[in-house]
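The values are calculated or read from the model by the stated rules, or taken from the named source; none is laboratory data. Being a predicted model, the structure only gives us computed values, none of them experimental. Don't worry about glycine lacking a Cβ; one is built from the backbone with ideal geometry, like all the others, and counts go over all protein chains shown.
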Amino acid sequence: MPFHGGVDTTGKSPLLEWRQTEVSGRVASYGVGGAGPAIVFLHGWGLSGRTYKAALKRLLARGFQVWAPALPGFDGSRALAPGADDFVNYAQWINDFLDAVGLTEPVVLMGHSFGGGVAIQTAHDWPERVSGLVLINSIGGSAWRQDGSLTKSIAQRPLWDWGLHFPSDVLPLRQLRRVLPVVLEAAVPNVLRDPRAFWHAATIARHADLTGELQELKARRLPVVVLWGERDELVTRASFDALCESLGNPYAVTVEGSHSWLIADPDAFGEIITNVISVAMSARVAGVDAEFAEIADLAPTNGRTNAA
C-alpha cells in the first residue's frame, strides 16, 4: 500500500480485520490492519476494539499498523482464571498475546480508561516490549478529588459516585447518537457472555492506584504522553493530575470532550495521535529521549495542549 508523508494516498479506506488466536491455550479475539510502525490499542472497560473502529481507521490511514486485542473476558477473548484477573496477569496476557501474533519488536502501547491501566502495568512489567506509552483518559492516578488542601484517594471514591457520573459523562446528549450505539453493541454482549469478568474488571478499575509503576516508568525515562478530556468526571481532573505527577511531568494534551471523546470525535483523535507518535518516533531515530515538547505546535485547533 503506497503512502505519502505517512498518509494513505490510494483513496481507499483501510479497515481492521477481525481474527482469533490462542493466548496461553485460551481463545483471544483481536483486530489488525495497516502497515507501518505497530500500535497496540487497549480498549476501555466493558468494550472492545470494535467500539473504537472509527478512531482506529484514522491511524490506519496515516500509515500505522494497528493491533486491537479484546482483553480477557471481552468480545470473545476467554477470561483470565478466577483469582488471576488483576493488572499483573492482564500484563502477562498482553505479553503472551504479542508472542502469539508474532510481534517481536517494541510497540507503542496505547490504552483508553481501563486499557490505560493495563498498558501501564505492561510497560512496567515487560519494558522490552514497549517503546512508548500513550494514555487516554487512563485510570491509574492515586487521587479521586481535591477538597481544598485535602486530597481524597481513589480508594475513597464510593460506588454511587461512579454511577452518578457514568451516564452524563459517557453519553452526553450532543454525542448520544454516535457513542451510545457502539458502546451498547459491545457492553451488552460482554455482560451477558461473562458477567463475572465484566464486573470484576470494574472492581479492579475502581481501586486502581498505579503510583509505584508510574514512578518506575519515570525513572526509566520511557516516552509517555497523557491525553485527557477536560469534561471527564469518571477519570477526574485530580486523578489525571496525580497520574502526571507520578510520571514526573510528562507532556499532557487536554482536549475538548468527556471520557469517550475519541469515540465521539475520531478525526481529532487521529490527528492528535499521529502528531504524538510522529514526534516520539523522530526522537528515537535521532537517538534522543522523546520529551514531546514539539507537540504543542502540532495540536489540532479543537484541542489545547499543556505541560501537566
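Where helices (runs of 4 or more DSSP H) fall wholly inside segment 144-262, no range has 3 or more residues that are surrounded by 17 or more Cβ atoms within 10 Å (Cβ to Cβ) and touching a Pro at 6+ places or on another chain (Cβ under 8 Å).
Restricted to segment 111-130, and to residues that are out of contact with any helix residue (DSSP H, G or I) (no Cβ under 7 Å at 6 or more places or on another chain) and crowded, with 20+ Cβ neighbours inside 10 Å, which residue is farthest from residue 264 (Cα to Cα)? The extreme case among them is 119. Does segment 272-292 contain at least one residue that is modelled with pLDDT of 85 or more and either more than 18 Å from residue 124 (Cβ to Cβ) or of a type in the set (S, T, N, Q) (or both)? Among the residues of segment 272-292, at least one is modelled with pLDDT of 85 or more and either more than 18 Å from residue 124 (Cβ to Cβ) or of a type in the set (S, T, N, Q) (or both), which makes the answer yes.
Inspection of segment 146-165 identifies no residue that is at pLDDT 90 or above and among the aromatic types (Phe, Trp, Tyr). Taking each residue of segment 99-115 that is within 16 Å of residue 131 (Cα to Cα) and in a helix (DSSP H, G or I) and looking for partners that are modelled with pLDDT of 95 or more and aromatic (Phe, Trp, Tyr) with beta-carbon atoms closer than 6 Å, six or more apart or interchain, yields nothing.
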